[in-house]
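The values are calculated or read from the model by the stated rules, or taken from the named source; none is laboratory data. In this text, all values refer to a predicted model and were calculated from it rather than measured experimentally. Glycine gets a Cβ as well: all are built from the backbone with ideal geometry, and neighbour counts include every protein chain shown.
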Amino acid sequence: MSDHVISDARGGLFRRISDWIFRRPNAFLILLFLPPLLWLGVVYIGSLLALLAHAFFSIDEFSGFIIYEPTLSTIAQLFNPANFDVILRTVLMAAAVTIAAAIIAYPFAYFAARYAKGKWKALFYILVMLPLWSSYLVKVYSWKLILAKEGIISWVAAKLHLTWLLDALLATPVLGGPSLSISYFGTFIVFVYIWLPFMILPTQAALERVPANLIEASSDLGGTPGQTFRHVIWPLALPGLIAGSIFTFSLTLGDYIVPQIVGSSAFYLGQAVYTLQGTAGNIPLAAAFTVVPILIMFVYLSIAKRMGAFNAL
Amino acid sequence: MFGRDFKMTLSNATVAVRFQDVSRHFGNVRAVDAVDLDIARGEFFAMLGPSGSGKTTCLRLIAGFEQPTSGHIEIFGETAEGVPPYRRAVNTVFQDYALFPHMNVLDNVAYGLMVKGVDRNQRLAKSEEALKLVALAGYGSRKPGQLSGGQRQRVALARALVNEPKVLLLDEPLGALDLKLREQMQVELKSLQRKLGITFIFVTHDQGEALSMADRVAIFNEGRIVQVGRPEDVYERPQTRFVADFVGSSNVLSPDFTKACGLGANWSSLRPEKIRVLSAKEKAARDVVSFPAQVTSVHYQGAITRINTRVKGDQVLSVSAPAAGLALGDKLTLAWPRSAMHVMGGEA
């Protein structure tokens, strides 16, 4: 053993790398971030931009070749009644799904965050996550059977002598149809089911982060449980609900499998993109459709920010 | 001597908070165990004890965050058990202030008035006034995150006081402040309490804070109150070894040693500052006990030096004396008036 205070710079490649990193923390940060930056910057954002750029090209109607000259004509096509219908239908469905998911998720998340402890909390997580462990397609097809004319729901309705109610529901103009599995109601139910965990988890996390002593403080100052919820818990947990709604909203905007399996044959954004870039080979219009959900999310987030949804962050 | 019953004989009209045989159990843990206590109106009352001694649970019982497992609590003569916190004219200054992070300072202070339905102009005016009271006028538009610890403490105080509570509860209110600020806030709290005449009940584990601010102090240990009294009672005449040890740092003298000093064979306490180091020529006066001792450690503390010594057998004595140039192993003679020794009850 030497009696030096500072040990010798011993050999070994890793030891020397460690010493080098110790002296240059910034270089270390760059090393750490380089791979994800490359991935996000080049592979992800880059290809996304390349795709979006196509929205400003057009397609030659006869040859089907892409004309690489900047034009707004493809974007303008989005406002054709047929195309605009697709956008409107998708946005309304996404909004309805988000609102319904929020209404169902909130009490569930509230219970889990404020009351469930130990074993009950574990059970909550399992219940929420369990559906995510099975295949998405299997779930959607199961729902098709559940919602079908001879499916469980109509069987239960018959047993409960509620067939009239189901029929009345299906007789709703536009939203109804011959059976739940081929109506807007069906698509809606399956969407809500599929995306619900993505609403529950961030909401629950946000509610759990509301400090217990703020709730006590509100109560101490004379706030009834209702007032405490409105003035303290709700605003502080709102960012979580917004995060959840970003998931459910954007996932619904982009999904093309659920409406294909369950629902009327009306097109949604995802399906439009899918068909346009595939069978129709119209990449510019597909790209133009892709711009839509991005713009909508941008608008949605700006509104949420303006309404103060992120003030408590 | 006092009995074990710490109810002062207060008439109902002067009691702010009354505990009658109150217990609060969490499973097998008796956080508060059969406590009897009267706190007078307008009193500055301190609950002192180590952590886990039940003092904070007592405070939470008064605030209404906890309900007693058994027993009876009265606040200003009205039954409090079963009453939720939002129906009590009692407000709390929380240990970590618990300011609402999404509201500015003024809205924080106005919160209590807002939920009670006081109209906007009136509640904002009153809140401004409360901020002035704690010397924070003009800070209303800031967010709590932009304030220092001491300022947040004042906001918490203003937020509680604006409701004109009958009883103000303070849970380790100065715990998070640095020494200088803490001393300043002690003075301010005390003068504020005198000015407003509100009953202040505050919880602390800092005996210096309790002794300097409170009119009366209750010492908690293991869910029970072991002594209640004025600061000088508790400091000069501790009733148990625990109190002697916890309040200040008394020498606890064994029954044998007490007897050797010419008193009864009981545990007794002796404050370090009552002990003098005798010079070689000095003779002990009458009624003064003196013993040879050997220095076991010396701790310089600025104004005084604490000297730990070993006397007769295993008895250890600490002495507070002005810096004396003593070193480890030095032999010396210690002396103190017999009257400075306080003999405690039979129990430990």
Exercise. Determine whether residue B:109 is within 14 Å of chain A (Cβ to nearest Cβ), at pLDDT 95 or above and surrounded by 15 or more Cβ atoms within 10 Å (Cβ to Cβ).
Key: yes
Quiz prompt | The lone exception for residue B:114 - which of (1) without any contact (Cβ under 8 Å) to a residue 12 or more places away in the chain; (2) touching a Lys or Arg at 6+ places or on another chain (Cβ under 7 Å); (3) more than 10 Å from every other protein chain (Cβ to nearest Cβ); (4) of a type outside the set (Gly, Ala, Ser) it fails | solution = (3)
Quiz item: In this structure, does residue A:309 turn out to be assigned to a loop (DSSP other than H, G, I, E, B) and farther than 21 Å from residue A:103 by Cβ?
Solution: no
Quiz item: farther than 30 Å from residue A:139 by Cα and among the aromatic types (Phe, Trp, Tyr): does that describe residue A:289?
Solution: no
Quiz item: How about region A:61-87: which of its residues are charged (D, E, K, R) and not assigned by TED's automatic domain parsing to the domain that holds residue A:270?
Solution: A:61, A:69
Quiz item: Taking region B:85-102, which residues are surrounded by fewer than 24 Cβ atoms within 10 Å (Cβ to Cβ), in contact (Cβ under 8 Å) with a residue 40 or more places away in the chain and within 7 Å of chain A (Cβ to nearest Cβ)?
Solution: B:94, B:96, B:100, B:101
Practice problem: Quick one: in region A:219-232, of everything that is surrounded by 18 or more Cβ atoms within 10 Å (Cβ to Cβ) and more than 7 Å from chain B (Cβ to nearest Cβ), which residue is farthest from the chain's Cα centre (by Cα)? | Solution: A:228
Exercise. Pull up region B:117-131, narrow it to residues that are of a type outside the set (S, T, N, Q) and under 30 Å from the mean Cα position of the chain (by Cα), then point me to the one that is nearest to the other protein chains (Cβ to nearest Cβ).
Key: B:130
Quiz item: Does residue A:212 satisfy the criteria of being more than 24 Å from the chain's Cα centre (by Cα), at pLDDT 90 or above and among the small types (Gly, Ala, Ser)?
Solution: yes
Quiz item: Do we have any residue at all in region B:65-74 that's within 14 Å of another protein chain (Cβ to nearest Cβ) and among the hydroxyl-bearing types (Ser, Thr, Tyr)?
Solution: no
Exercise. Please find, among B:187, B:134, the residue that is surrounded by fewer than 18 Cβ atoms within 10 Å (Cβ to Cβ), under 23 Å from the mean Cα position of the chain (by Cα), in the same structural domain as residue B:80 (by TED's automatic domain parsing) and among the hydrophobic types (A, V, I, L, M, F, W, C).
Key: B:187
Quiz item: Is it true that residue B:62 is away from every other protein chain (no Cβ under 14 Å), among the β-branched types (Val, Ile, Thr) and closer than 15 Å to residue B:170 by Cα?
Solution: no
Quiz item: Only one of A:244, A:281, A:263 is part of a helix (DSSP H, G or I), within 30 Å of residue A:182 (Cβ to Cβ) and away from every other protein chain (no Cβ under 14 Å); which?
Solution: A:244
Practice problem: Pairs only if they're at least six apart or on different chains, beta carbon under 6 angstrom, first in region B:285-305 and more than 14 Å from residue B:315 (Cβ to Cβ), second at pLDDT below 90 and among the acidic types (Asp, Glu); list them, first residue then second. | Solution: B:295/B:330
Practice problem: Quickly run through region A:264-313 and pick out the residues that are out of contact with any strand residue (DSSP E or B) (no Cβ under 9 Å at 6 or more places or on another chain) and on the phi > 0 side of the Ramachandran plot. | Solution: A:308
Practice problem: Taking residue B:79 as meeting all but one of (1) out of contact with any Gly (no Cβ under 8 Å at 6 or more places or on another chain); (2) in contact (Cβ under 8 Å) with a residue 24 or more places away in the chain; (3) more than 10 Å from chain A (Cβ to nearest Cβ), write down the number of the exception. | Solution: (2)
Quiz item: For residue A:204, are the conditions met, namely being at pLDDT 90 or above and either assigned to a loop (DSSP other than H, G, I, E, B) or within 14 Å of chain B (Cβ to nearest Cβ) (or both)?
Solution: no
Quiz item: Does any residue in region A:103-130 that is assigned to a loop (DSSP other than H, G, I, E, B) come within less than 8 Å, Cβ to Cβ, of a residue that is at pLDDT 90 or above six or more places away or on a different chain, and which pairs are these?
Solution: A:116/A:123; A:116/A:124
Quiz item: Hey, any hits in region B:94-116 for a residue that's more than 16 Å from residue A:218 (Cα to Cα) and more than 19 Å from the chain's Cα centre (by Cα)?
Solution: no
Quiz item: Only one residue in A:214, A:145, A:160, A:166 is within 14 Å of another protein chain (Cβ to nearest Cβ), surrounded by fewer than 21 Cβ atoms within 10 Å (Cβ to Cβ) and of a type in the set (A, V, I, L, M). Which one?
Solution: A:214
Quiz item: Does residue B:333 meet the test of being at pLDDT 85 or above and either in contact with a Gly (Cβ under 9 Å, 6 or more places away or on another chain) or in a loop (DSSP other than H, G, I, E, B) (or both)?
Solution: no
Quiz item: Considering only residues of region A:43-97 that are within 23 Å of the chain's Cα centre (by Cα) and charged (D, E, K, R), which is farthest from residue A:196 (Cα to Cα)?
Solution: A:85
Quiz item: Residues in region B:76-112 that are under 20 Å from residue B:129 (Cα atoms) and of a type in the set (Asp, Glu): how many?
Solution: 1
